Amino acid sequence: MISKRTLLGSVVGLGMAAGMAHSAMAESITVATVNNGDMIRMQELASQWEQETGNTINWVVLEENVLRQRVTQDIATGGGQFDILTIGTYEVPIWAKQDWLVALDDLGDDYDIDDLLPAVRKALSADDTLYAAPFYGESAMIMYRTDLAEKAGVEISDQPTWSEIKAAAEAMTDKDNEVYGICLRGKPGWGENMAFITAMANSYGARWFDMDWKAQFDSPEWKATLNDYLTLMNEYGPPGASSNGFNENLSLFQQGKCGMWIDATVAAGFVTNPDDSQVADSVGFAQFPNKEGVDNHGNWLWAWSLAIPSSSEAQDTAKDFIGWATSKEYTKLVADKQGWRSVPPGTRTSLYENEEYKDEAPFAEMTLNSMNAVDTQKPSVQEIPYTGAQFVAIPEFQGIGTAVGQQFSAALAGQTSADQALSNAQQVTQREIDRAGY
């Protein structure tokens, strides 16, 4: 495919393209995306693509849970509101098999699809065909305050256990000065609190289902997971944690209110950016914890990615934008404008071979190691009938995961007990999975 952008670039050069009139060719596309820092930066820089091509973008920027509801409803009904969807490794293979997405196997000769990290490319493909292009990829890891750890006299190893993390959280907590030992997700949602708690459960040896598709929330592993999570948050976490998701905890950490934060590796670029973070020069990194005796750190693999719904009437233009926004060219643009630390991580092998990036991003090695350690085929040490890491890769999980997340968030808010939350989770999960015929 020869895109309008490539054609213009070869004929008149990048600088002159901005001033040309393209009204006869121009199209307007609507992009649904999430309201996090990397995507907001993409919106700002997308004006360059608009100038180069003459096309325009209508942005629909939504909170994570709302985005998932809106795009799922639109694509399932063939609504056609959007030309580009921001979705992830959960939705892509399921939606591709429903023929809801356009294949992205023709993004141009210079796209270098073979440079995509193998785990990410595989997660965004169906039958070896790419159906979404990764904007950034992530696993999960610990981000912690090196100055607070030193002051508290604790040392956090590269591969800590949960007991080490609990001791460190206790030592670093100073509630009188609004410093909390640990910040974790509490906002309900399959992609919010359940992403973290499922990864934590994996590290405790738990599983969602046994090989007969029987829910496992009545198991000792799940009971230990939820009780320890609630203890950490109630004793050492910030107030109102049941409303905190990724963005809220990012803000707390940047303000110096969290001793530790266990969340997506993509946050590392923001907490170490001195323009945004008050603690940028005091951040250390460690692998997601494991429970003593369980040889499994929390597995997490996600990629916020750009995909085209089959209902789009501007598929070529949408494909051209996706090719630009997920290219090496875009990465270089971000580096030139805001530094290598700010480029979207976790998608391309070449980034982790770039000495400039490695020099500016102290988290690069831990990020890559965390992503390479993920096994989405076997996220639990026990036998399981499903795949996925911080989710179960079945269509029903979006509803089940959110329902369970509401139970656990209510327990964190003190509205129900841990035992009752687990009992409710068991009932709702088994009911829905039976109804679906597993």
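The criterion of being in contact (Cβ under 8 Å) with a residue 40 or more places away in the chain, among the aromatic types (F, W, Y) and in contact with a Pro (Cβ under 8 Å, 6 or more places away or on another chain) holds for F408. The set of residues from the stretch 287-343 being farther than 30 Å from R207 by Cβ, of a type in the set (S, T, N, Q), buried (at least 20 other Cβ atoms within 10 Å of the Cβ) and under 20 Å from the mean Cα position of the chain (by Cα) comprises T326, T331, S342.
Looking across the stretch 414-438, the residues that are touching a residue at least 40 places away in the same chain (Cβ under 8 Å) and buried (at least 17 other Cβ atoms within 10 Å of the Cβ) come down to A418, A421, L422, A425, Q426, T429, Q430, I433. A search for C-beta distances below 6 Å between a residue of the stretch 375-393 that is closer than 13 Å to A206 by Cα and any residue that is of a type in the set (A, V, I, L, M), counting only pairs 6+ apart in sequence or on different chains, returns P379/A389; E383/M211; A389/L301; A389/V374; Q390/A195; Q390/A199.
Limited to the stretch 156-192, what total is found for residues that are assigned to a loop (DSSP other than H, G, I, E, B) and either over 20 Å from Q390 (Cα atoms) or of a type in the set (G, A, S) (or both)?
Residues meeting the conditions: 8.
Out of everything in the stretch 25-44 that is among the aliphatic types (A, V, I, L, M), assigned to a helix (DSSP H, G or I) and buried (at least 16 other Cβ atoms within 10 Å of the Cβ), what residue ends up being farthest from the chain's Cα centre (by Cα)? The qualifying residue farthest from the chain's Cα centre (by Cα) is M42. Taking the conditions exactly as written (out of contact with any Cys (no Cβ under 7 Å at 6 or more places or on another chain) and either among the acidic types (D, E) or open to solvent by less than 10 Å² (accessible area, probe 1.4 Å) (or both)), does A267 satisfy them or not? Answer is yes for this residue. Selection of first residues in the stretch 229-253 that are under 19 Å from I165 (Cβ atoms) and of second residues that are of a type in the set (S, T, Y), restricted to Cβ pairs under 8 Å at least 6 apart or on distinct chains, gives the following pairs, ordered by first then second residue: E235/T173; Y236/T173; Y236/Y180; G237/Y180; P238/Y180; L252/Y180; F253/S277. For the stretch 353-365, does any single residue satisfy the condition of being open to solvent by less than 40 Å² (accessible area, probe 1.4 Å) and in a helix (DSSP H, G or I)? Within the stretch 353-365 (the criterion being open to solvent by less than 40 Å² (accessible area, probe 1.4 Å) and in a helix (DSSP H, G or I)), the answer is yes, since at least one residue qualifies. Candidates M143, M211, M233, M200: the one that is at pLDDT 95 or above and assigned to a loop (DSSP other than H, G, I, E, B) is M211. What do you reckon, is S251 small (G, A, S), under 21 Å from G191 (Cβ atoms) and open to solvent by 20 Å² or more (accessible area, probe 1.4 Å)? Yes, satisfied. Scanning the stretch 370-394 for residues that are of a type in the set (S, T, N, Q) and modelled with pLDDT under 90 yields N372, T376, Q377.
Only one of the listed residues (D114, D127, D105) is open to solvent by 50 Å² or more (accessible area, probe 1.4 Å), touching a strand residue (DSSP E or B) at 6+ places or on another chain (Cβ under 9 Å) and free of Cβ contacts under 8 Å to residues at least 60 places away in the same chain. That residue is D105. Residue under question is G437, and the condition is that it be modelled with pLDDT of 95 or more, under 24 Å from W208 (Cα atoms) and in a helix (DSSP H, G or I); does it hold? No: the conditions fail for G437. If only residues of the stretch 381-413 that are of a type in the set (S, T, N, Q) and in a loop (DSSP other than H, G, I, E, B) are counted, the one that is surrounded by the most Cβ atoms within 10 Å (Cβ to Cβ) is Q390. The set of residues from the stretch 358-371 being within 21 Å of the chain's Cα centre (by Cα) and free of Cβ contacts under 8 Å to residues at least 24 places away in the same chain comprises A364, E365, L368. Pick from the stretch 48-95 the residues that are among the aliphatic types (A, V, I, L, M) and assigned to a helix (DSSP H, G or I): which of them is surrounded by the most Cβ atoms within 10 Å (Cβ to Cβ)? Result: V71. The criterion of being under 17 Å from G346 (Cα atoms) and not in a loop (DSSP other than H, G, I, E, B) holds for S305.
List pairs: first in the stretch 51-63 and farther than 25 Å from N247 by Cα, second open to solvent by 30 Å² or more (accessible area, probe 1.4 Å) and of a type outside the set (A, V, I, L, M, F, W, C), Cβ under 6 Å, 6+ apart or cross-chain? The qualifying pairs are E52/R5; T53/K4; T53/R5; N55/E27; T56/S28; T56/E50.
The values are calculated or read from the model by the stated rules, or taken from the named source; none is laboratory data. What you are looking at is a predicted structure, and each value in this text was computed from that prediction instead of being measured. Cβ coordinates were reconstructed from backbone atoms using ideal geometry, including for glycine residues, and neighbour counts include every protein chain displayed. Calculation scope for accessible area: heavy atoms of the full protein, side chains included, ligands and nucleic acids excluded. Shrake-Rupley method; radii C 1.70, N 1.55, O 1.52, S 1.80 Å.
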